[in-house]
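This report concerns only the one structure given below.
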Amino acid sequence: MEEKIQKLENEIATIKERNLRVEADKAWETSNFRIFSITIITYIVASLVLYFIGAKNFLLNALVPTAGFFLSIQSLPAVKRWWIKKFLREKKQGPTNQ
């Protein structure tokens, strides 16, 4: 009996550790720091590419893909909420004939 309790306690500890990792991953995915970092990296890479292909005003033109990325990230939470509602609604209805 003691072994079963110890095994269950170990399994619970393992699940709690996994949950912490999942929470940390989720926090990273939704963090403003991540969005800002990727936005800056996008701007730098776009600037370099435009510079090396000889584009005029490469620093200004690099704002276009950067703004596109940033705006797409800002719209994703709304799209995600819509998709989750749709997914859950379909799950509750069960399989449909397609």
**Fill in**
The extension gain from Asp25 to Asn57, computed as 0.36 nm times the residue separation minus the Cα-Cα distance, is 7.7 nm
**Asked** When only alpha-carbon atoms count, how far does the chain stretch along each of its three principal axes, as whole angstroms with the largest first?
**Response** 75, 42, 21
**Asked** Against the longest alpha carbon principal axis of the chain, how many degrees, from 0 to 90 and to the nearest 10, is the axis of helix 32-52 turned?
**Response** 30 degrees
**Prompt:** If one takes the longest principal axis of the Cα atoms in the chain, at what angle in degrees, from 0 to 90 and to the nearest 10, does the Cα axis of helix 63-93 lie?
**Reply:** 30 degrees
**Request:** Mind checking which lysines have their Cα closer than 24 Å to the Cα of Lys80? Skip sequence neighbours fewer than 8 apart in that chain.
**Result:** Lys26, Lys91, Lys92
**Message:** Quick check: pseudo-label points 7 Å beyond the Cα along Cα→Cβ at Lys86 and Ile5, how many nm apart are they?
**Reply:** 5.2 nm
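FYI, it's all coordinate maths here, none of it is from the lab. If you're wondering where the values come from, they're calculated on a predicted model, not measured in any experiment. We place every Cβ from the backbone using ideal geometry, glycine too, and count neighbours over all the protein chains shown.
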